[in-house]
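The values are calculated or read from the model by the stated rules, or taken from the named source; none is laboratory data. Worth saying up front: this structure is predicted, and the values here are computed from it rather than measured. Cβ placement follows ideal geometry from the backbone for every residue including glycine, while neighbour counts extend to all protein chains displayed.
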Amino acid sequence: MRQFRTSETELKHIFIALLALAFAFSLILFSREIFSSGSFFNYRPKYFFETLVAVGFAFVLHELGHKFAAEKYGLWAEFRMWPLGLLLAVGMAFFSRGGFVFAAPGATMIAPIKETKHGFALKKLHINAEKMGKIGLSGPLVNNALTILFIALFSLAPLSVFKTAAWVNSWLAIFNLLPFMILDGQKVWHWSKWVWCGAMLLSVALFLLSGMIG
């Protein structure tokens, strides 16, 4: 059984990205309350903390999904934030007055290396399209599972934070499955277009369902 590994650098990057994403998404989710009078000073701490719960589960567990999947194949895997992406997330959410958020906070970096007494060394390990596709798929699948969980929790206790969490997770699954640039969907599409279609259809269905609850 492979040991789960992390580092101080990874934890710091996750923490910073988490705070920035929570703030950006709070501008979207509570846009009516924040921008209703044309003033940004309508922002309240409860908007941030409620979104932090939703985005925290969505974001951190998404990245841990990639990390566990990669380490299962014996790869080194750690999250690294993308500072420009975080600035764009906050900037677009603010200047669009809660109309749009660019959710690209960073990525789980993966490499065929191993720890040694003197640092790190390359491993003779081939990362094929199937492995990369499954690693890429693991993040959106985590979001889909969380969407189902929060929809179930909302049915038991109709709290707004559960509805928010379901919507955020379903939206992130769809966004990350887009087959472009460095998004997860590009890796899944390259591995299997049938798997990509199935994952996207599931994500869209859960997104529509999360919008119907309440």
- Task: Look at region 144-200 and say how many of its residues are of a type in the set (Gly, Ala, Ser), surrounded by fewer than 20 Cβ atoms within 10 Å (Cβ to Cβ) and closer than 13 Å to Gly214 by Cβ.
- Result: 3
- Task: Have a look at Leu86, Leu61 and point out the one that is surrounded by 14 or more Cβ atoms within 10 Å (Cβ to Cβ), in contact (Cβ under 8 Å) with a residue 24 or more places away in the chain, aliphatic (A, V, I, L, M) and under 30 Å from Glu130 (Cβ atoms).
- Result: Leu61
- Query: Is there any pair with a first residue in region 17-37 that is surrounded by fewer than 20 Cβ atoms within 10 Å (Cβ to Cβ) and modelled with pLDDT under 90 and a second that is among the charged types (D, E, K, R) and not in a helix (DSSP H, G or I) whose Cβ atoms are under 8 Å apart and which are 6 or more apart or on different chains, and what are they?
  - Reply: Ser31/Arg97; Glu33/Arg44; Phe35/Arg97
- Task: Inspect region 70-81 for any residue being assigned to a helix (DSSP H, G or I) and of a type in the set (Phe, Trp, Tyr) and give the result as yes or no.
- Result: no
- Task: Looking only at region 126-143, count how many residues are surrounded by 14 or more Cβ atoms within 10 Å (Cβ to Cβ) and without any contact (Cβ under 8 Å) to a residue 60 or more places away in the chain.
- Result: 3
